[in-house]
Amino acid sequence: MDIKKILRNDVFEAFNQEILMEQISIEKPKNSEMGDLAVPCFVYSKILRKSPNLIADELANKLNKDNYEKVESVSGYVNVFFKKEIITNFVLEEIIDKQEKYGENETGKSKTIVIDYSSPNIAKPFGIGHLRSTSIGNAIKNISLKNGYKVVSVNHLGDWGTQFGKMIYAYTKWGNEQLVKENPITELSKLYVKFHEESEKDPTLEDEARAVFKRLEDKNEYEMSLWTWFREVSLIEFQKTYDLLGINEFDSYDGEAFYNDKMDVIVDELKNKKLLVTDQGAEVVYLDDMPPALIKRSDGASLYITRDLATAFYRKKTYSFDESLYVVGNEQTLHFNQLKAVIKKMGYDFADNMHHINFGLMLQNGKKMSTRQGKSVKLHDVLLEAIDMAKTYIRDDVTNIDELSKQVGIGAVIFADLKNYRTNDIEFSLEEVLKFEGETGPYVQYTNARIMSVLREKDLEKINLEDTKISDYIWNIIMKLYEYPEIVEKAKQSYDPSLIAKYAIDLAQNFNSFYGNEKIISEQKNQTNLNLLICKSVSIVLKESLRLLGVKAPEKM
Ligand code: ARG
């Protein structure tokens, strides 16, 4: 039975008609060390004309002791610790009944979150930073959905800005259509690098590129057609990476270019509100405690922040969000602080609901990841390498080795990305993240696959604890499972997928201690059934935790 109901009945009886059933509220303590459930006694103070502390003391004494291991009165609360049998019964029934829905809650009911993540830049390689944005954003999306929120996921492509002037100029002068068709991003980035080399020698190129960008902003046909082409071929390349990652579902791919015609109204409003100041020919907004925000360059071109201003207002208007998240690296902290500060200065409080979900770098031997030639690493290559390496770790008698090594290799990379608190820089090594032992994705996947093989062809019956023993190994698992809904909620509140990743590791470890020390199939029928129900429940919660993180859970490994 539901433990809240048990406690509510016991409290009702203890109060002996003085309090109505509807007046009894039950809470879950913030921290499970304070008890499984708690009864706050403040509301009864008026009715009973006694202090909450006294009421709690009396209630703790009168509560029917059969159901509890321990009952404590602590500053106006009665905290109860249920008997192991009761919690075990409750937790397992709850998980078997709800299956993968276990841990869902309704905190986000009728609330909308916009999450801006991934957001790679057109004609540039999809980098490791974009991997972090993609996996963190995707996990926060899944976690928010599990907390009952409506989520709008936006891939805010970097598809506008003065760099396109340079790219188009470079392509027109040195480009080769065939090469770009074969290898779009590599070729276009080469052209971009060449532009910079050449403009070092001949600074007038900068002016040329600016003029090209101006023509693009004015929707000139030649420039527009190249821009459209660059964007299309880039998206096709990105799609390959998304397919590998298994992260695909964006509600919108409206990037910076989409806001081209939506900036003027904002700039006008800034002007009308007398916030725009001309500084050395450029238009800026002065801010407290931070450098001014540059809104228009002296040549009239818009900037990243100008487009982000238009974006913020558009999202507020279109989705009337309760929260708007930007999953972007630590290095853009000033940008997002300025963005929010400008909106605040304009007099809009929705800026308080915009949050920069920042994250650190992925490092290799303490340095930014780079290839042997010193170039920055392409994510796609890292993923392919991870899959290849995973192949060598997997038993070769499995039938679906390609799919399996993909699930393990990619899972390992995503898990490693998410298991650390996001703002930290993380040290990344494929050898480490792919290990089947230790705090890795494959370790969690492997634990689940092991459970699946235990469960294969076994029938589960309804729980019956008669003549069973709840060992410490079992109890640790039950307490972990009981904690899961709380972790799901905390992970949303702190925008922190690492809580789920760490939880999955703990649960897998608890399970493996049980598995290594006790026999699952025992002579006692009820004990065997209990053990199997535990296996089943752990597997449900492990799989679901991995799903929230965007990691697959293979049935066999
Ligand atoms: N394209 C940008 C980058 O790669 C990230 C965009 C993030 N979103 C935003 N609304 N600014 O740095």
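The values are calculated or read from the model by the stated rules, or taken from the named source; none is laboratory data. Here the structure is a predicted model, which is why all the values come from computation and not from measurement. Cβ sites come from the backbone with ideal geometry, for glycine too, and all protein chains shown count toward neighbours. Each accessible area value is taken on the protein alone, full model and side chains, heavy atoms only, with ligands, DNA and RNA left out. Shrake-Rupley method; radii C 1.70, N 1.55, O 1.52, S 1.80 Å.
Using alpha carbons only, how many angstrom separate the centre of the range 452-515 from the centre of the range 157-199?
52
Which value, in nm² and rounded to one decimal, describes the direction-averaged projected area of the C-alpha convex hull of the chain?
On the way: hull surface 128.3 nm².
Orientation-averaged projected area of the Cα hull: 32.1 nm².
Using the Cα centre of the range 228-352 as the reference point, and only Cβ charges (+1 on K/R, -1 on D/E), how large is the resulting charge dipole? Debye, rounded to the nearest 20. Write down the numbers at each step before the final one.
Details: 15 positive and 22 negative charges, 83 e Å.
My answer is approximately 400 debye.
Counting helices only, and only those DSSP H runs with n ≥ 4, report the 222 nm mean residue ellipticity of the chain as the sum of -39,500 (n - 2.57) divided by its residues, in deg cm²/dmol to the nearest 500. Before the final figure, lay out each step's value.
Details: 20 runs with 296 residues, N = 557.
Calculated from helices alone, the mean residue ellipticity at 222 nm is -17500 deg cm²/dmol.
Kindly identify the range 147-273 as rounded, prolate or oblate by the Cα gyration tensor criterion: order the square roots of the eigenvalues as a ≥ b ≥ c, call it rounded if a/c is under 1.5, otherwise compare a/b with b/c, prolate if a/b is larger, else oblate.
On the way: a/c = 2.40, a/b = 1.19, b/c = 2.02.
In terms of gyration-tensor shape, oblate.
Between E385 and D243, what length comes free when the chain is fully extended (0.36 nm per residue of separation minus the Cα-Cα distance, one decimal in nm)?
On the way: separation 142, 0.36 × 142 = 51.12 nm, distance 1.55 nm.
Stretched fully, the E385-D243 segment lengthens by 49.6 nm.
Residues of the range 88-106 with amide nitrogen under 17 Å from the 7 Å Cα-to-Cβ point of N9?
Inside the label zone: 88-91, 93-94.
Once you have the Cα-Cα distance between K70 and D289, take 0.36 nm times their residue separation minus that, and quote the gain in nm to one decimal.
So the extension gain works out to 73.6 nm.
Distance from the Cα centre of the range 283-320 to that of the range 523-542, in angstrom?
What the calculation gives is 57 Å, centre to centre.
Restricting the calculation to Cα positions, tell me the Rg (one decimal) and the Dmax (whole number) of the range 249-320 in Å.
13.3, 44
If r is the Cβ-Cβ distance from V265 to S25 and R0 is 51 Å, what FRET efficiency results, to the nearest 0.05?
On the way: r = 49 Å, r/R0 = 0.95.
Given R0 = 51 Å and the Cβ-Cβ separation, E is 0.55.
Identify the GluC sites (Glu not before Pro) of the range 472-520 meeting these criteria: DSSP loop state and at most 16 other C-beta atoms within 10 Å of the C-beta.
In loop regions of the range 472-520 (DSSP not H, G, I, E or B), the sparsely surrounded GluC sites (Glu not before Pro) are E518.
Quickly work out the K50-to-D459 label distance, labels modelled 7 Å from Cα along the C-beta direction, and quote it in nm with one decimal.
Result for the modelled spin labels: 5.3 nm.
Roughly what would the spin-label model give for M224 and D97, points 7 Å off Cα along C-beta, in nm?
Reported label-point gap for M224 and D97 is 6.1 nm.
Note down the nm distance, to one decimal, between modelled labels 7 Å out along Cα→Cβ at T204 and at S494.
For T204 paired with S494, the spin-label model returns 5.9 nm.
Below 22 Å Cα-Cα, how many Lys pairs turn up in the range 25-134? Only count pairs eight or more apart in sequence, or on different chains, if you could.
26
Rounded to the nearest whole Å², what accessible area per residue is found for the range 430-473 with the 1.4 Å probe?
On the way: 2520 Å² over 44 residues.
In whole numbers, the range 430-473 has 57 Å² accessible per residue.
Just want the answer: with Cβ charges of +1 for Lys and Arg and -1 for Asp and Glu, which residue in S498, Q17, F81 is farthest toward the dipole's positive end in the chain?
Positive-end residue among those listed: Q17.
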